[in-house]
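Structure, as structure tokens:
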Amino acid sequence: MEIKKVAVVGAGTMGSGIAQVCAMAGYEVWVRDISEEILNKAKETIEKNLRKAVNKGKISVTKLKEIEAKLHFTTDLKEAVEDADLVIEAVPEVMDLKKQVFKEICEYNKKAILATNTSGLSITELSKATDRPDKFVGMHFFNPVPVMALVEVIKGEYTSEETVKIAVEFVKSLGKTPVVVKKDVTGFIVNRCLVPYLVLAIQDVENGVATKEEIDATMLYNYKFPMGPIELSDFVGLDILYYSTQQWDIVPKSKLLEEKFKAKELGMKTGKGFYDWR
Ligand code: CAA
């Protein structure tokens, strides 16, 4: 099966990054979100990243123009997904919302491979909302998508071997490294370890075990992590972490995280989380 048109549904941090790398790999990409404001922000972020790449001599101006011409932005789901060969969903981490989005996608497209960028929700459960569980797969990218090499390809209970193969080849075509997750466990490989670690560190801030700066410094200098857990939480998005505490049985709950979520202090993307990013 040849993939030509890719639809990315959801144009937040992850969706815009996924759209960028797909267009850079030569795919025709349709990006859909519910508001023009979100789409404009995604467009600006991608343009900024591409301009940086030109300034660093990584791509030519001609290449930048080619990439931009491959990107189409719309609020119309039908326009985005009809005729798509692959649809990648990257809407907020809420099971019912994702299921609803997939139901709508299936109304307008009958043939595409359906992929979800969920951070850790059940692939099998999500696939049940579609008319083609065998063509449904997890395709989990990492933030920042243009930089991070790894993509988890997760097999749900009904995902066919053929679908896994297509997903793996697609990920390779983006210049990324796929790892096939054979069992649909909560959080897959990475977030199964990472998210409980981040929320435990948040609990330590909440309980006064140490300051956020001390906790971050410990992991930075002792373990050589690129970011400490509190900074990484702000980077990943406190909404994503909060949703995981509500829906994943492997993650502890945190009152402080809930407060941040309710105050819309979601980390770098809103300018404020545990740290001030403005
Ligand atoms: N978008 C695009 N490119 C970016 C970027 C972004 N948001 N942020 C940084 N970059 C690029 C820079 O332009 C730079 O590119 P060049 O090498 O071409 O110059 C490169 O990344 C390195 O950036 P910097 O030199 O500015 O900064 P750094 O060396 O501190 O690296 C970082 C920044 C790559 C983000 C690094 O701090 C890092 O790896 N942090 C950890 C990120 C991580 O763990 N991500 C996974 C989170 S978990 C997740 O996403 C899954 C989930 O479901 C929750």
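The values are calculated or read from the model by the stated rules, or taken from the named source; none is laboratory data. Here the structure is a predicted model, which is why all the values come from computation and not from measurement. Cβ: placed from backbone, ideal geometry, glycine included. Neighbour counts: every protein chain shown. The area values use the complete protein model at the heavy-atom level, side chains included, leaving out ligands, DNA and RNA. Shrake-Rupley method; radii C 1.70, N 1.55, O 1.52, S 1.80 Å.
Numbers for the structure displayed
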read-out: Near pairs, Cβ below 6 angstrom, 6+ apart or cross-chain, from segment 142-158 (under 21 Å from T124 (Cα atoms)) to any residue that is assigned to a strand (DSSP E or B) and near the ligand (Cβ under 7 Å from one of its atoms); value: E152/H140
read-out: Yes/no for G271 being open to solvent by less than 70 Å² (accessible area, probe 1.4 Å), farther than 12 Å from V195 by Cα and modelled with pLDDT of 95 or more; value: yes
read-out: All positions within segment 31-67 that are part of a helix (DSSP H, G or I) and either touching a Gly at 6+ places or on another chain (Cβ under 6 Å) or open to solvent by 90 Å² or more (accessible area, probe 1.4 Å) (or both); value: E36, E37, K41, E44, K48, R51, K52, N55, T62, K65, E66
read-out: Among (1) in contact with a Lys or Arg (Cβ under 8 Å, 6 or more places away or on another chain); (2) of a type in the set (A, V, I, L, M, F, W, C); (3) open to solvent by 10 Å² or more (accessible area, probe 1.4 Å); (4) assigned to a helix (DSSP H, G or I) - the single one L97 does not satisfy; value: (1)
read-out: Selection count, segment 114-136, where residues are more than 16 Å from the ligand (Cβ to nearest atom) and crowded, with 24+ Cβ neighbours inside 10 Å; value: 3
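A quick yes/no check of all residues on (1) touching a residue at least 60 places away in the same chain (Cβ under 8 Å); (2) under 15 Å from V205 (Cβ atoms); (3) assigned to a helix (DSSP H, G or I); (4) touching a Gly at 6+ places or on another chain (Cβ under 7 Å):
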{"position": "I230", "(1), (2), (3), (4)": "no, yes, yes, no"}
{"position": "D234", "(1), (2), (3), (4)": "no, yes, yes, yes"}
{"position": "I240", "(1), (2), (3), (4)": "yes, no, yes, no"}
{"position": "Y243", "(1), (2), (3), (4)": "yes, no, yes, no"}
{"position": "Q246", "(1), (2), (3), (4)": "no, no, yes, no"}
{"position": "D249", "(1), (2), (3), (4)": "yes, no, no, no"}
{"position": "P252", "(1), (2), (3), (4)": "no, yes, no, no"}
{"position": "E258", "(1), (2), (3), (4)": "no, yes, yes, no"}
{"position": "F274", "(1), (2), (3), (4)": "yes, yes, no, no"}
